[in-house]
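The values are calculated or read from the model by the stated rules, or taken from the named source; none is laboratory data. Predicted, not measured: the structure shown is a model, and the values here were computed from it. Ideal geometry is used to build each Cβ from the backbone, glycine not excepted, and the neighbour counts take in all protein chains shown. With ligands, DNA and RNA removed, areas are computed over all heavy atoms of the protein, side chains included. Shrake-Rupley method; radii C 1.70, N 1.55, O 1.52, S 1.80 Å.
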Amino acid sequence: DTEVTQTPKHLVMGMTNKKSLKCEQHMGHRAMYWYKQKAKKPPELMFVYSYEKLSINESVPSRFSPECPNSSLLNLHLHALQPEDSALYLCASSHSSGEGTDTQYFGPGTRLTVL
Amino acid sequence: TQLLEQSPQFLSIQEGENLTVYCNSSSVFSSLQWYRQEPGEGPVLLVTVVTGGEVKKLKRLTFQFGDARKDSSLHITAAQPGDTGLYLCAVRYGNKLVFGAGTILRVKS
């Protein structure tokens, strides 16, 4: 099983709402990632979790709050978002987060629209 | 400046034509990856190249890693509408995966 699943597939929220994105993998990977992708642009790294600990935060605004409850799950909690935060949010996982040819497996993404 | 310069940005061709996408850098990398992303999906790894001068083939796709391990190319022979998508090169930079700007390919039937 080389699948990363993400829910929901689509999400529309107002600027005052609180919502969460969920990601799950059962490949035994110990590194998990959140990316943000705008239309026709490459994915931009937001957060990296390694062995359930936050190892990289790419200066992401605090209205995005990641959480890694266990080695298979990764959440992204959203609060007080802005319309410019509308994007495709991708989750990925890999065996580890070290250098080398470690492959990242991406989920299908959550298409987020902030009104 | 971007770590990886990818060209062209957009490519619209007819079915059956050949094309090449380039990924260039002034830095040397131990490996480089190519991904394809279809609309509404996440990127999917196509290949990893690790040796300078290496050529890998995946059906109609040919990937080449430059001798100096600073650049790479993706060549598609006889493109088909199913090849349509966003093609991304990527490298490990520290413990991050850094992508090129991407090439949007549209193959018309």
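Observations
- The residues of segment B:23-32 that are open to solvent by less than 50 Å² (accessible area, probe 1.4 Å) and facing chain A (nearest Cβ under 8 Å) amount to a single one, B:SER31.
- Close pairs from segment A:15-39: first in contact (Cβ under 8 Å) with a residue 12 or more places away in the chain, partner open to solvent by 60 Å² or more (accessible area, probe 1.4 Å) and aromatic (Phe, Trp, Tyr), Cβ under 6 Å, at least 6 apart: A:ARG30/A:TYR51
- Assessment of segment B:35-47 against the conditions (within 14 Å of chain A (Cβ to nearest Cβ), basic (Lys, Arg) and in a strand (DSSP E or B)) yields at least one matching residue.
- Some residue of segment B:72-88 being under 27 Å from A:ALA31 (Cβ atoms), in contact with a Phe, Trp or Tyr (Cβ under 7 Å, 6 or more places away or on another chain) and more than 13 Å from every other protein chain (Cβ to nearest Cβ): yes
- Residues satisfying the stated conditions in segment A:94-115, i.e. polar (S, T, N, Q), part of a strand (DSSP E or B) and in contact with a Leu (Cβ under 8 Å, 6 or more places away or on another chain): A:THR110, A:THR113
- Criterion (open to solvent by less than 10 Å² (accessible area, probe 1.4 Å), under 27 Å from A:TYR89 (Cβ atoms), outside any loop (DSSP other than H, G, I, E, B) and of a type outside the set (S, T, N, Q)) met by exactly one of B:VAL98, B:VAL91: B:VAL91
- Some residue of segment A:95-115 being surrounded by fewer than 15 Cβ atoms within 10 Å (Cβ to Cβ) and either of a type in the set (Lys, Arg) or more than 10 Å from chain B (Cβ to nearest Cβ) (or both): yes
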